[in-house]
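Before any comments, here is the structure.
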Amino acid sequence: MSATISIGSGIKVKQEEESFLSEEQDSSADVMSVRRAKLEEWYELGVEPFGRRFEVTHRSEDILRKAEPLANEELEAHKMQVKVAGRIMSLRGHGKASFAHMMDLQGMIQVYAKMDQLGEEAYQQFELLDIGDLIGVEGYVFKTRRGETTIHIEHFTLLAKSLRPLPEKWHGLRDVETRYRRRYVDLIVNPDVRQTFINRSRIIQSMRRHLEAQGFLEVETPTLHLIAGGAAARPFRTHHNALDLGLNMRIALELHLKRLIVGGLERVYEIGRVYRNEGISTRHNPEFTMMELYAAYMDFHDMMKLTEELIEQIAIDVRGTTEIEYGGQALQLKTPWRRAHMVDLIREVTGVDFFEVHDSETARKMAAEHGVAVQDMHEFGHIVNEFFEQKVESTLVHPTFVYGHPVEISPLAKKNPQDPRFTDRFELFIMGREYANAFSELNDPIDQRQRFLAQLEEREKGNDEAHEMDEDFIMALEYGMPPTGGLGIGIDRLVMLLTDQPSIRDVLLFPLLRPE
RNA sequence: GAGCCAUUAGCUCAGUCGGUAGAGCACCUGACUUUUAAUCAGGGUGUCGCAGGUUCGAAUCCUGCAUGGCUCACCA
């Protein structure tokens, strides 16, 4: 078939001449062929359809705010001249005049093109524009009869021709898969998505500001590790060619930051990507962002105070309040937050008091009685932890610092001097989810070696997430590390909490998906 | 990895009992110089996710596969 279609200004396109179409040839081919034809038409008009630098004098929101209190007569008298750039989001042609809405970073503003003003030639060019095209306009601000602030166009420039149609104007793009795969389209048509990512940036900015104010130094440490330590997780493996060296992507920031505390930097933090080779869910992405900080001469009590104040401040900065809602649940982030020992919480919920239980056998018996699933290799501390995870965790709605984790699951934390079965460690829970993990850092190299040895034993028993021996880290401790408080916060989950997003994929610009 | 659900036009969605594909927006043609989901007249642009099977006939029923979503598992 060689049907011809004609478009606005008379160009004929043979549909069989669609050699420009990409491999995936979809049925937007029709729209795309029309746009290709218009592209040619721009070239024939002597206009470069992929333009260059454009000097922007105003953003949409600034204009709307300035014009808002003024009547049209006042606006016309002032002749407020503006240059605005953005993407055409809607077009309404009326013969010899046209309206359009343009979108820039701040939002949407209406523009008005009139043949009398532009002249016949330029107006015809305006009519050649499509939804999705990027343009720069110069003109003056007025208000229409209905009162909408609008730019009366005196000149316009095509900055980039759009060759693909945008999604529909009032349902936007809903298909979740397409939204993640083509996040740029999602950002163009879904303003709330754009706002979420703006808020993500604000949260991190706020965090940096508050840490800087407390004298923390931002540092960057390697993401390629010989030994992936500092957490219990399976790493991604990679390889360096020139050194012919097997390497792991980091699973935590911890061990390098503590080396810097040994080095005397005293207060350091890093906001960085970590990689864990695990399943994907609404709360897990294989790469995610952690903030870890270490402060010499502090302990885990100081870390609790720092954590609650930090998150409270961020909430005020970004949300303007400490009373937030997540998934319909009202949450109060005003400090101070509840502090509870893990063993006390287990006793509250199950009646089992692990301060009175002193051996693994009794603990195992209690687990069986209370329907807590445990593995054969689990010792006392693991079983306490299983009780907490299976019985207590989901009951913690409002911010709660749970402290006193068993030593078996805390190979990098200092033991509690009163009861060395437990550590001076806490995790922060909100709505059943972990948001922070912190401890008084273990600075005794001899104890640290024992802990690593215990981890190696676990590894032999089949726990492939147990810590490996890190001799280089122990050497650092042997030079002497001051008593130190350390803290880690999962940035993505914090952003989810503060932007009320149900899935981690909604706070990651490009979540990992299987290839199409 | 398991269970459940989804996949139809560029986008958002209908599609009855199995009878051969529809709407709105977008797009195209024409009209219209302050519109507002602009309006009016006309035009359907499709590998019904993919591959088999059942059937005279499959978007529809069956099987497998792919991708995604949710839940669980995993993730201290």
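Structure above, values below:
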quantity: Residue tally, condition surrounded by fewer than 16 Cβ atoms within 10 Å (Cβ to Cβ) and farther than 26 Å from A:L187 by Cβ, over the range A:73-111; calculated: 11
quantity: Hits in the range A:45-72 - residues which are surrounded by 15 or more Cβ atoms within 10 Å (Cβ to Cβ) and among the small types (G, A, S); calculated: A:G51, A:S60, A:A67
quantity: Where A:R146 falls short, out of the listed (1) out of contact with any Leu (no Cβ under 7 Å at 6 or more places or on another chain); (2) free of Cβ contacts under 8 Å to residues at least 12 places away in the same chain; (3) closer than 30 Å to A:D500 by Cα; calculated: (3)
quantity: Tabulated pairs, the range A:93-117, first under 17 Å from A:T157 (Cα atoms), second more than 8 Å from RNA strand B (Cβ to nearest atom) and assigned to a loop (DSSP other than H, G, I, E, B), C-beta under 6 angstrom, 6+ apart or interchain; calculated: A:D104/A:R59
quantity: Residue list for the range A:152-186, restricted to those being surrounded by 15 or more Cβ atoms within 10 Å (Cβ to Cβ), in a loop (DSSP other than H, G, I, E, B) and near RNA strand B (Cβ under 8 Å from one of its atoms); calculated: A:P165, A:L166, A:P167, A:G172, A:L173
quantity: Residue satisfying condition, being surrounded by fewer than 20 Cβ atoms within 10 Å (Cβ to Cβ) and in contact with a Phe, Trp or Tyr (Cβ under 8 Å, 6 or more places away or on another chain), within set A:K334, A:K415, A:K391; calculated: A:K415
quantity: Identity of the residue in the range A:463-475, more than 30 Å from A:E308 (Cβ to Cβ), of a type outside the set (D, E, K, R) and touching a helix residue (DSSP H, G or I) at 6+ places or on another chain (Cβ under 7 Å), that ends up modelled with the highest pLDDT; calculated: A:I474
quantity: Candidate set: the range A:300-323, residues that are polar (S, T, N, Q) and more than 18 Å from A:R339 (Cα to Cα); chosen: the one nearest to the chain's Cα centre (by Cα); calculated: A:Q313
quantity: Number of positions in the range A:458-494 that are among the aliphatic types (A, V, I, L, M) and closer than 24 Å to A:F426 by Cβ; calculated: 7
quantity: Hits in the range A:357-398 (condition: closer than 21 Å to A:A232 by Cβ, assigned to a loop (DSSP other than H, G, I, E, B) and touching a Ser or Thr at 6+ places or on another chain (Cβ under 8 Å)); calculated: A:H378, A:E379
quantity: Flag for A:S90 being near RNA strand B (Cβ under 9 Å from one of its atoms), within 31 Å of the chain's Cα centre (by Cα), at pLDDT 95 or above and not acidic (D, E); calculated: yes
quantity: Qualifying position, being surrounded by fewer than 20 Cβ atoms within 10 Å (Cβ to Cβ) and among the aliphatic types (A, V, I, L, M), among A:V349, A:V407, A:V384; calculated: A:V349
quantity: The listed residue being within 16 Å of RNA strand B (Cβ to nearest atom), of a type outside the set (K, R), touching a strand residue (DSSP E or B) at 6+ places or on another chain (Cβ under 9 Å) and part of a loop (DSSP other than H, G, I, E, B), out of A:F354, A:F401; calculated: A:F354
quantity: Scan of the range A:195-251 for residues that are surrounded by fewer than 12 Cβ atoms within 10 Å (Cβ to Cβ) and among the hydrophobic types (A, V, I, L, M, F, W, C), ordered by number; calculated: A:A213, A:A242, A:L243, A:L245
quantity: Some residue of the range A:423-438 being crowded, with 20+ Cβ neighbours inside 10 Å, away from RNA strand B (no atom under 13 Å from the Cβ) and small (G, A, S); calculated: no
quantity: Matching residues in the range A:438-452 - criterion: being in contact (Cβ under 8 Å) with a residue 60 or more places away in the chain and of a type in the set (S, T, N, Q); calculated: A:S440
quantity: Qualifying positions in the range A:133-150 - buried (at least 19 other Cβ atoms within 10 Å of the Cβ) and either among the small types (G, A, S) or closer than 26 Å to A:G172 by Cα (or both); calculated: A:D133, A:L134, A:I135, A:G136, A:V137, A:G139, A:T149, A:T150
quantity: Qualifying residue in the range A:427-449 (condition: aromatic (F, W, Y) and part of a helix (DSSP H, G or I)); calculated: no
quantity: Looking only at the range A:388-437, and only at residues there that are of a type in the set (V, I, T) and in contact (Cβ under 8 Å) with a residue 24 or more places away in the chain, the one that is nearest to A:G229 (Cα to Cα); calculated: A:I409
quantity: Matching residues, the range A:241-290, being of a type outside the set (D, E, K, R), more than 13 Å from RNA strand B (Cβ to nearest atom), over 22 Å from A:A476 (Cβ atoms) and not in a loop (DSSP other than H, G, I, E, B); calculated: A:G246, A:I271, A:T289
quantity: Residue in the range A:308-320 that is of a type outside the set (A, V, I, L, M, F, W, C), surrounded by 15 or more Cβ atoms within 10 Å (Cβ to Cβ), at pLDDT 95 or above and in a strand (DSSP E or B) present; calculated: no
quantity: Every residue from the range A:103-151 that is within 18 Å of A:E73 (Cα to Cα) and more than 14 Å from RNA strand B (Cβ to nearest atom); calculated: none
quantity: Options A:L75, A:L70; residue that is among the aliphatic types (A, V, I, L, M), part of a loop (DSSP other than H, G, I, E, B) and modelled with pLDDT under 95; calculated: A:L70
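To keep it simple, each residue is scored yes or no on (1) over 19 Å from A:A296 (Cα atoms); (2) at pLDDT below 95.
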residue: A:Q418; (1), (2): yes, no
residue: A:G432; (1), (2): yes, yes
residue: A:T484; (1), (2): no, no
residue: A:I491; (1), (2): yes, no
residue: A:L513; (1), (2): yes, yes
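The values are calculated or read from the model by the stated rules, or taken from the named source; none is laboratory data. Given the structure is predicted, the values throughout are model-derived calculations rather than measurements. Neighbour counts run over all protein chains shown; Cβ positions are idealised from the backbone, glycine included.
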